[in-house]
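Each remark here refers to the structure printed beneath this line.
Please treat every number below as a calculation from the coordinates, not as lab data. All figures in this text were calculated on a predicted structure; none of them were measured in a lab. Don't worry about glycine lacking a Cβ; one is built from the backbone with ideal geometry, like all the others, and counts go over all protein chains shown.
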Amino acid sequence: MQTKDIKKTIKIILSNLKGKTFIWRLEGSANLVIQGVDTTVRDLDITTNYEGIKIFREALKKFIVKDFISEKINGRSIVCDILGFEVEINYYGDRTLNMFDKSKKIIWQNLEIPILPLKYAKQFYETIKRTKKVELISRYL
């Protein structure tokens, strides 16, 4: 997924969420790329809360390919196909992974996006034991 694809996909998500205010943030590799980390993005990952998963389900219903309870995250996941790219929206059972209190909104390519700053993204990856991501992020801090 190239930067232009990330932007197009996020733009579609944001336009479908227009006028809705709730808690969510971008995470995963796209979150890192937006903050200047050189890494590959295969899909978009989003984290939200219980209310948010319902809002995403309704707002993106025409894109949903899978809606399930995930044992891996002990919570709910929605998988969408937007422009041929996978968008995974998660509501974690382990609330400490949400890190919503650490999220911040940034303007990226004229889009306002809630992200998890690199310092906290590193903590997130440490918690889920993704050492390669921790090492990668460490080079940028």
(request) Based on other C-beta atoms within 10 Å, arrange 135, 88 from fewest to most. (result) 135, 88
(message) Students often get this wrong, so check it: of 72/104; 105/132; 11/119; 54/105; 61/105, which have C-alpha atoms separated by over 23 Å?
(response) 72/104; 105/132; 11/119; 61/105
(request) Using a cut-off of 15 Å between beta-carbons, work out the net charge of the residues near residue 37 (Lys and Arg +1, Asp and Glu -1, residue 37 not included). (result) +3
(message) Could you check the spin-label model distance between residue 8 and residue 119? Points 7 Å from the Cα along Cα→Cβ, value in nm.
(response) 3.6 nm
(message) At a 10 Å Cβ-Cβ cut-off, how would you order 71, 126, fewest neighbours first?
(response) 71, 126
(request) Work out the FRET efficiency for residue 69 and residue 139 from their Cβ-Cβ distance, taking R0 = 35 Å, and round it to the nearest 0.05. (result) 0.45
(request) Specify whether the C-alpha gyration tensor of the stretch 3-136 places it in the rounded, prolate or oblate class, a ≥ b ≥ c being the square roots of the eigenvalues: rounded for a/c under 1.5, otherwise prolate if a/b is larger than b/c and oblate if not. (result) rounded
(request) Enter the Cα centre distance for the pair the stretch 104-141 and the stretch 5-58, rounded to the nearest angstrom. (result) 13 Å
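Grab the Cα-Cα distance for residue 132 and residue 20, subtract it from 0.36 nm times how many residues apart they are, and report the gain in nm with one decimal.
Here the answer is 36.8 nm.
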(request) Could you work out the relative contact order of the chain, using alpha carbon pairs under 8 angstrom and six or more residues apart, expressed as a whole percent? (result) 22 percent
